[in-house]
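One structure is given here, and the rest of the page talks about it.
FYI, it's all coordinate maths here, none of it is from the lab. None of these values were measured; they are calculated from a predicted model. Because the Cβ atoms are built from the backbone with ideal geometry, glycine has one as well, and the counts that use them run over all protein chains shown.
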Amino acid sequence: MSDPHDAGPSDAYARAEAALDALLARYARRIQQKRRAAPTDSEATEQMLAERRELLADKHRMEEMSEEQLVQVAAIYEARNENWDSDVPDGK
């Protein structure tokens with residue numbers, strides 16, 4: 001039995017991975033901004049770090065998902081990227 005990743009990632013996997021990577025990058029930037037703007041507001045930063053850890057765990061789970069699940073996951077992450085400003089408040 002061959003490894004399905006030997007032939008390279010599927011389109012659905014690549015789409016989900018790209019959307020998730022973009023979301024993770026947004027979290028990293030936002031966490032860095034929060035740390036600079038309000039270094040004493042560790043609760044908000046910790047919440048964002050926890051959410052980012054969950055997204056990293058999702059990335060590992062993607063390897064076990066079906067094509068249909070990957071399409072759904074990609075759509076969710078793409079929507080979160082599009083709605084980033086309303087999904088993650090600045091805490092202002």
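List of remarks:
- Overall form of region 9-57 per C-alpha gyration tensor (a/c, 1.5; a/b vs b/c): prolate
- Working from label points 7 Å from Cα in the Cα-to-Cβ sense, the residue 47 to residue 64 distance is 3.0 nm.
- Each peptide in 14-27, 54-67 was scored by the mean count of other Cβ atoms within 10 Å over its residues; highest first, the order is 14-27, 54-67.
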